[in-house]
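Here's the structure, in structure tokens; my notes come after.
Values in this text are rule-based calculations from the coordinates and carry no lab data. Just so you know, these numbers come straight off a predicted model, no measurement behind them. Virtual Cβ from ideal backbone geometry, glycine too; neighbours counted across all protein chains shown.
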Amino acid sequence: MAIFLVFSILFHLTMSKCLDPLLYGLPRSVQAQELAIQAGEGGEETGLATTKGSHGSSNGTNGKSAGLKQALSGGSVQKPGNVLARFLMPWKHADYATLRKLVPSDDDMDFENQYTEQVEAMAYLPPSVSSATPTLWIPRDPAGVSRQEVALTSKVVPITDEGA
């Protein structure tokens, strides 16, 4: 039994060591693109927008914005393509920068006020507790048994025999 316990612990540690980089790390190319995007956004926010250079050409912070756009698009400028081409060949038109805009970032989310207090209080309750009690509908009979049943049961459960 102790041998299996030691084996299980060693196996778990080995698997964790091997899988952690895959689960919690980004590939270097994606990480480099993310850093380039954040550097580009940070430059625009701090007032380092495009200005006229000494040669009369418009460049960003020492030509970084042009290099940023070229690095993000894979080295060459691609046309956006029509809807059919983007649908049939998404790998050509979906780059990291485009897809990153579709995913909400943690900075945009307000996790403190995401749900109301009532929703949080009833989040883990079963639907039978949180939903309204349904009305029981029984068929009406000419002998009057349904009316008697409605009169007795309506004290506990909403019940009706109208329209049945």
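The GluC sites (Glu not before Pro) of segment 98-164 that meet both conditions, a loop assignment by DSSP and at most 15 other Cβ atoms within 10 Å of the site Cβ, are Glu112, Glu162. Distance between the pseudo-spin-label points of Thr135 and Thr14 (7 Å out from Cα toward the beta carbon): 6.6 nm. Take the Cα of Glu117, step 7 Å toward its Cβ, do the same at Leu22, and the gap between the two points is 4.6 nm. Between Val103 and Trp91, residue separation times 0.36 nm minus the direct Cα-Cα distance comes to 2.6 nm.
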